[in-house]
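A.B. asks: Sharing a structure, written as structure tokens. Questions coming.
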Amino acid sequence: MGLPGITRFLRTAAGVLTYPQDPRSFAQLFGSLSSAHYTRGRITRVHRETPDTVTVCFTAGEGWIPHRAGQWARIGVEVDGKRIWRPYSLSAPEHGDPSITVKAQGTVSKHLVHRAAPGDVLYLERPEGQFILPEMPTELLFMVAGSGITPVMSMLRTLMPRRPDHDVVLVYVSRTQESCIFHEEILELADQFEGLRPVFWFTEERGRLDVADPRAVGALCPDHQARATYACGPDSFVTTVEHLGEASGHAPVVERFDVTRASASGQPGEVSLLRSGITVSVGERDTILEAAERAEHPLPHGCRMGICHSCLVPMTDGAVTNIRTGELHREPGPVQTCVTRPAPYATFDA
């Protein structure tokens with residue numbers, strides 16, 4: 001910054017510091033949480049939930065909008081000098097400072113679990129998602145497995161104080177009590193609010209819960225067929241709950257935390273990105289999005305599970321296969337790069 005630039009900065013600073021201003025003026029002057037390009041947040045607290053899970057609380061700068069219980073947001077984190085974005089469910093109740101609860105599984109999650117500290121900056125996109133409660137919820141059944149408790153915890157923290165006697169059953173499948181996220185807090189909520197009945201199922205003690213069997217679910221929640229059901233967790237768990245709902249005629253509201261991939265084709269693939277002028281090799285178990293990221297050419301994306309359609313890119317030639325269903329798609333047009341791979345090649349206008 002030359003002498004004229006320094007002079008302008010000092011004059012601006014003097015004006016801000018000596019005249020009543022909106023508090024955001026100070027943040028904008030010193031580069032805190034405001035930006036013309038994105039919203040930033042600052043970590044205020046990191047609370048350990050289990051040996052490999054933490055809750056990261058943060059404040060958000062201008063541009064953030066309050067989330068609805070159950071929604072998720074894309075969070076950007078600087079890892080070894082590179083900004084990486086991943087979607088995380090918001091675990092805080094509505095109308096409070098936001099938080100995410102993260103299990104150490106991928107690159108970003110491991111960074112947050114093992115290295116995040118108060119004062120660190122997060123990059124934020126606005127909350128989204130349709131895994132939310134209706135305006136007037138009826139009797140509810142939550143069926144969750146593992147990290148699937150995260151958005152449901154936001155719902156419980158929001159709903160129960162508003163309606164302490166509301167009839168809610170939570171069936172929570174976890175490997176052990178030690179790995180059960182929010183275990184103690186859920187018990188405290190149940191003591192405080194008589195309408196909440198948690199049912200924990202620890203697979204190391206009791207084996208796998210057969211959620212496909214109405215009798216097994218009925219033993220835990222006898223009136224499950226009459227309740228509005230919300231399911232969240234691994235793809236295989238959620239899909240089974242969906243099938244259970246189809247059998248009873250009541251489709252559940254669901255959210256998946258991963259994608260169960262069909263068997264690999266056994267063949268590598270290739271994707272040409274016309275506007276960028278590059279060709280990307282795609283491994284037999286990779287999606288187009290993952291391969292592009294490894295080639296340091298990230299494509300648009302959101303949930304990474306084929307839900308939000310933020311990853312749509314126009315395919316102009318070739319074919320792709322859906323990694324979940326194995327379905328082959330040859331027609332030119334928008335393609336979800338997060339759940340497809342080339343079969344064996346495809347060309348995109350990107």
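The values are calculated or read from the model by the stated rules, or taken from the named source; none is laboratory data. Everything numeric here is computed off the predicted structure, so don't read it as measured data. Neighbour counts run over all protein chains shown; Cβ positions are idealised from the backbone, glycine included. What goes into the accessible areas is simple: the full protein's heavy atoms, side chains included, and nothing from ligands, DNA or RNA. Shrake-Rupley method; radii C 1.70, N 1.55, O 1.52, S 1.80 Å.
A.B. asks: For the range 322-350 and the range 180-199, compute the distance between their C-alpha centroids and round to whole Å.
C.D. replies: Rounded to whole Å, the Cα centres lie 44 Å apart.
A.B. asks: Which whole-Hz ³J(HN,Hα) couplings does the range 240-252 yield from phi under the Karplus relation 6.51 cos²θ - 1.76 cosθ + 1.60, θ = phi - 60°, glycine and proline marked x?
C.D. replies: Going residue by residue, I get 5, 5, 4, 5, 4, x, 4, 5, 8, x, 10, 6, x Hz, with x marking Gly and Pro.
A.B. asks: Shape call for the range 241-350 from the C-alpha gyration tensor, a ≥ b ≥ c root eigenvalues: rounded (a/c under 1.5), prolate (a/b greater than b/c) or oblate?
C.D. replies: prolate
A.B. asks: Quick one: 3J(HN,Hα) in Hz for the range 96-109, Karplus 6.51/-1.76/1.60 with θ = phi - 60°, rounded, Gly and Pro as x.
C.D. replies: Karplus-based 3J(HN,Hα) across the range 96-109 equals x, 4, x, 8, 10, 10, 10, 9, 6, 10, x, 4, 5, 4 Hz.
A.B. asks: What does the charge dipole of the chain about its Cα centre add up to, to the nearest 20 debye, if the Cβ of each Lys and Arg holds +1 and the Cβ of each Asp and Glu holds -1?
C.D. replies: Magnitude of the dipole: close to 1100 debye.
A.B. asks: Taking all protein chains together and a probe of 1.4 Å, list Thr340, Thr239 from the most accessible to the least accessible.
C.D. replies: Descending order: Thr239, Thr340.
A.B. asks: Another question about this same structure. Please give the solvent-accessible surface of Leu187 in Å², to the nearest 10, using a probe radius of 1.4 Å with every protein chain present.
C.D. replies: That residue has around 60 Å² of solvent-accessible surface.
A.B. asks: Okay, moving on. From largest to smallest, what semi-axes in whole angstrom does the chain give when each is the square root of 5 times an eigenvalue of its alpha carbon gyration tensor?
C.D. replies: 37, 32, 17
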